[in-house]
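The values are calculated or read from the model by the stated rules, or taken from the named source; none is laboratory data. Being a predicted model, the structure only gives us computed values, none of them experimental. Cβ sites come from the backbone with ideal geometry, for glycine too, and all protein chains shown count toward neighbours. Protein only, heavy atoms only, side chains kept; ligands, DNA and RNA dropped before computing areas. Shrake-Rupley method; radii C 1.70, N 1.55, O 1.52, S 1.80 Å.
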Amino acid sequence: MALLFHSKIKRNDWWQEEIAKHIPDLEVRFYPDVGNPEDIEFALCFAMPHGVLAGLPNLKGIFSLGAGVDHFFNDPDFPRHVPMARVVDPELTDRMSEYVVQHVLNHHRYQHQYDQQQKEHVWKERHAPAARDRKIGILGLGALGTGAAEMLRNLNFDVAGWSRSAKNIDGITCFHGADQLDRFLARTEILICLLPLTEETTGILNKELFAKLPEGAALINPGRGPHLVEEDLIDALNSDHLSAATLDVFHQEPLPEDNPLWDHPKIRITPHVASIAAPDRVAALAAQNILRARAGEPLINQVDPDKGY
Ligand code: NDP
Ligand code: OXD
C-alpha cells in the first residue's frame, strides 16, 4: 500500500526521506505518478487537482499539508466520507503570531503613513496610544487566532476575538456568533482575519463589515483571499474610512501583475508567507495519523466536513 503526495513545492526526494524516518516500509508516490489507484491508502497533499482523490477507492486518510482545508472542499468530487486531518503545530502558530505582531505594530505605530511621508519628504510626527489603549480584534479564535491573541496580549494590547462558539481565554475579550459580531467590530481598531474559508466566511470582509469598524481602522488578512471583497477594501481605503491594510492571501495566487491592490499606497502585500509548517513536523503528524487510521483510531486534528474546517 502507498501514500500519494502532492505539493506545489517540488521537493520529492526530501519528502520521501522525511516520511521514511517514521514509516520506512510505506511507499510514497508523487502525483501525477499514481500507479494503480487501488494501491493508495493515504494522501498527503495541498491543492490536489480536482477529481484525483475521488478516484482512489482504498483511501483510509487524507492529510492536508497546511492548516487550511478549503483546498479540499473546493474539489466538487472530494471524498467527504474519508477521514481527513489538517496541521496544527506550535511552530506554525508561532510563525503566524510573529506575522500578526509585525503588522499590528506597523499599523499601531503608523508605519504605512511614515512610508508615504518618506516618499514625499514630509516630517510629521504621529503619536501612537499606549498598547493598552489600542484595541485589536481577531476574527477566528482557533489554533492561530488564539496564539496571535495571546502574543498581542503579552505586549499589553487590548485584544478581543470572535469565534463561532463561546470561548474563555485569559486576558482576551471573547465574542461569538453572528449576534455579537457588531459589538466586536465597533471596538476594533486593528482587525485581523484568521478564519477558515467556508461558505459562511466567504466575502466576510466586505463593505458592510468595514462600515461597522471605527473610522481609521486597519485590516490584516492572513486568512484566505476570498474572505475579502477587494473592491470594497479599495473603496474603504479611498474614502479614508480604513487607514491601511496588509494582505497575505488573494483570490488568485500569485496575485496577477495587473491587480490594482499592488499599487495602492495604503496596501502592503506579502506573498502568502504568513506562516508555514516545517516539513519534518508535517511528516511526523502524518505518520502518527497513518498509524492511528490503520489501528481504526480517530485522527489527530481531524476536520469536520460538515463545518468545513
Ligand atoms: P481553526 O480551525 O483552529 O480556527 C478557526 C476559528 O474560526 C475558530 O475559532 C472558529 O470558531 C472560527 N470560525 C469558523 N467559522 C466561523 C464562523 N462562521 N463564525 C465565527 N467564527 C468562525 O483554524 P486555524 O486557526 O488553524 O487556521 C485559520 C486559517 O488560517 C486557516 O483555515 C487558513 O485559511 C489560514 N492560514 C493561513 C496561512 C498563511 O500563511 N497565510 C497559514 C496557515 C493558515 P470555533 O472555535 O467556535 O469553531
Ligand atoms: C495553510 C497555508 O493553510 O499555508 O497552512 O495557507
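Using a 1.4 angstrom probe, figure out how much accessible area the chain has per residue, in square angstrom, rounded to the nearest whole. Walk me through the intermediate numbers first.
Details: 15080 Å² over 309 residues.
Spelled out: the 1.4 Å probe surface of the chain, per residue, equals 49 Å².
Please determine, in degrees from 0 to 90 and to the nearest 10, the orientation of helix 90-108 with respect to the longest principal axis defined by the Cα atoms of the chain, where the helix direction is its Cα long axis.
Between helix and principal axis, roughly 20 degrees.
At 222 nm, what value in deg cm²/dmol follows for the chain if DSSP H runs of at least 4 each add -39500 (n - 2.57) and the sum is divided by all its residues, to the nearest 500?
That calculation yields -9000 deg cm²/dmol at 222 nm.
As a test of reading the structure, rank D240, D25 by solvent-accessible area (1.4 Å probe, protein chains only), most first. All intermediate terms of the calculation are to be shown ahead of the outcome.
Values: D240 90, D25 130 Å².
Most to least solvent-accessible, the answer reads D25, D240.
Within 12 Å, Cβ to Cβ, of E215, how many net charges do the neighbouring residues add up to if Lys/Arg are +1 and Asp/Glu are -1? Intermediate results must be reported in sequence, preceding the final value.
Details: positive: K212; negative: E189, D240.
Residues close to E215 contribute a combined charge of -1.
Under a cut-off of 22 Å between alpha-carbon atoms, report the lysines in cross-link reach of K307, not counting same-chain residues fewer than 8 places apart.
K60, K167
Given a 1.4 Å probe and heavy atoms of the protein chains only, how would you sort W14, W262, W162, W123, largest accessible area at the top? Walk me through the numbers before you get to the answer.
On the way: W14 70, W262 120, W162 30, W123 225 Å².
Correct descending sequence by accessible area is W123, W262, W14, W162.
Between A128 and D240, what is 0.36 nm times their sequence separation minus the Cα-Cα distance? Round to one decimal in nm.
Details: separation 112, 0.36 × 112 = 40.32 nm, distance 1.83 nm.
Extending this stretch completely gives an extra 38.5 nm.
Probe radius 1.4 Å, ligands and nucleic acids left out: which of D75, D306, D115 has the largest accessible area, and how do the rest follow? Intermediate results must be reported in sequence, preceding the final value.
On the way: D75 10, D306 135, D115 50 Å².
Ranking D75, D306, D115 by accessible area, largest first, yields D306, D115, D75.
As an exercise, identify the GluC sites (Glu not before Pro) in the stretch 40-144 lying in DSSP coil whose Cβ has no more than 10 other Cβ atoms within 10 Å.
Working: sites: E41, E91, E98, E120, E125; in loops: E125.
Of the GluC sites (Glu not before Pro), the ones in loops of the stretch 40-144 whose Cβ has at most 10 other Cβ atoms within 10 Å are E125.
Which distance in nm do the two modelled labels at A284 and E150 give, with both placed 7 Å along the Cα-to-Cβ direction?
Computed distance between label sites A284 and E150 equals 1.8 nm.
Estimate the FRET efficiency between D25 and K307 by the formula 1/(1 + (r/R0)^6), using the beta-carbon distance for r and 30 Å for R0, to the nearest 0.05.
Details: r = 35 Å, r/R0 = 1.16.
Given R0 = 30 Å and the Cβ-Cβ separation, E is 0.30.
Could you work out the local net charge near G35, counting Lys and Arg as +1, Asp and Glu as -1, over the other residues with Cβ closer than 12 Å to its Cβ?
Numbers: positive: R29; negative: E27, D33, E38, D39.
Spelling it out: positives minus negatives among the neighbours equals -3.
How much FRET efficiency would the formula 1/(1 + (r/R0)^6) give for V273 and H176, where r is the Cβ-Cβ distance and R0 is 51 Å, rounded to 0.05?
Values: r = 30 Å, r/R0 = 0.58.
With R0 = 51 Å, the Cβ-Cβ based efficiency is 0.95.
For a Förster distance of 25 Å, can you work out the FRET efficiency between the beta-carbons of E253 and E98, rounded to the nearest 0.05? Mind showing how you got there, number by number?
Details: r = 21 Å, r/R0 = 0.84.
The calculated FRET efficiency here is 0.75.
Could you work out how far helix 279-294 tilts from the main Cα principal axis of the chain, as a 0 to 90 degree angle to the nearest 10?
Roughly 50 degrees, rounded to the nearest 10.
Quick check: residue separation of E38 and D115 times 0.36 nm, minus the Cα distance between them. What number comes out in nm? Working shown, then result.
Working: separation 77, 0.36 × 77 = 27.72 nm, distance 5.68 nm.
Between E38 and D115, full extension yields an extra 22.0 nm.
For the chain, what % of the accessible area comes from carbon and sulfur atoms, probe 1.4 Å?
Details: 7480 of 15080 Å².
Percent of accessible area from carbon and sulfur atoms in the chain: 50.
Report ³J(HN,Hα) in whole Hz for each residue of the stretch 237-254, in order, from the Karplus equation J = 6.51 cos²θ - 1.76 cosθ + 1.60 where θ = phi - 60°; Gly and Pro get x.
Rounded to whole hertz, the list is 6, 5, 8, 6, 5, 9, 8, 5, 8, 10, 10, 10, 10, 9, 4, 10, 10, x.
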